[in-house]
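The values are calculated or read from the model by the stated rules, or taken from the named source; none is laboratory data. Quantities reported herein were computed from a predicted structural model and do not represent experimental measurements. Please note: Cβ atoms are built from the backbone with ideal geometry, for glycine as well, and neighbour counts cover all protein chains shown. The protein model used for the area step is the full one, side chains on, heavy atoms only, and it has no ligands, DNA or RNA in it. Shrake-Rupley method; radii C 1.70, N 1.55, O 1.52, S 1.80 Å.
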Amino acid sequence: MTPFYLSIVVAILSSVLYHLFQKATSANINPAIGLIVTYLTALALCLPLLILFPLGSSVREAFRKLNWASFALGFAIVGLEVGFLLAYRAGWNVSLAGIASNTTAALILLPAGVLLFREKPALVNLLGVLVCILGLVMINLRR
């Protein structure tokens with residue numbers, strides 16, 4: 001499997017597991033404690049990744065290369081975690097929460113990609129946007 005497809009398969013499988021594990025999280029645990037354990041586990045899993053992705057320089061030099069986006073991503077990830085945890089506690093179905101949030105995010109990311117990164121979606125992509133909007137309408141019809 002090429003890196004192009006392997007990377008998206010890893011992202012898809014991880015997203016599925018993410019939503020299943022978020023939904024399975026006990027409503028009795030404090031969200032902050034749950035996130036602390038989650039991020040300690042993530043840290044323990046990230047350290048061995050240095051073997052797969054060697055630094056090529058010193059740790060200090062690697063940290064110097066960081067920009068604001070790595071820190072901002074931390075804020076976004078915590079917001080994502082808390083948002084889904086609270087959504088599932090509020091009664092969202094695991095089968096719909098991911099679709100609703102990811103579709104809405106994709107609709108927001110389309111103009112962001114065009115304006116910030118000069119991406120040029122094809123006509124078929126814009127037709128896909130219409131399908132996404134129709135899907136969001138259909139998801140909310142049963143509520």
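Our coupling estimate for the stretch 25-34, obtained by passing each phi through the Karplus curve with A = 6.51, B = -1.76, C = 1.60 and θ = phi - 60°, is 5, 4, 6, 8, 7, 5, x, 5, 5, x Hz, Gly and Pro reported as x. Of the trypsin sites (Lys or Arg not before Pro) found in the stretch 16-117, those in coil by DSSP whose Cβ has at most 15 other Cβ atoms within 10 Å are Lys65. Rg over Rh for the stretch 1-106 works out to 1.01, using Cα positions for both radii and the Kirkwood form for Rh. A dipole drawn for the chain from +1 and -1 charges on Cβ atoms has a positive end, and of Ala87, Trp68, Ser7 the residue lying farthest that way is Ala87. Rolling a 1.4 Å probe across the protein heavy atoms gives the chain an accessible surface of 79 Å² per residue. Using θ = phi - 60° in the Karplus curve 6.51 cos²θ - 1.76 cosθ + 1.60, the 3J(HN,Hα) couplings for the stretch 82-88 round to 5, x, 6, 4, 5, 4, 5 Hz; x is entered for Gly and Pro. Normalised by the number of residues in the chain, the mean separation of alpha-carbon contacts (under 8 Å, six or more apart) gives a relative contact order of 28 percent. Placing dummy labels 7 Å off each Cα toward the beta-carbon, the span from Phe4 to Met138 is 2.8 nm.
For the chain, the 222 nm mean residue ellipticity estimated from helices alone, with every DSSP H stretch of n ≥ 4 adding -39500 (n - 2.57) and the total spread over all residues, rounds to -26000 deg cm²/dmol.
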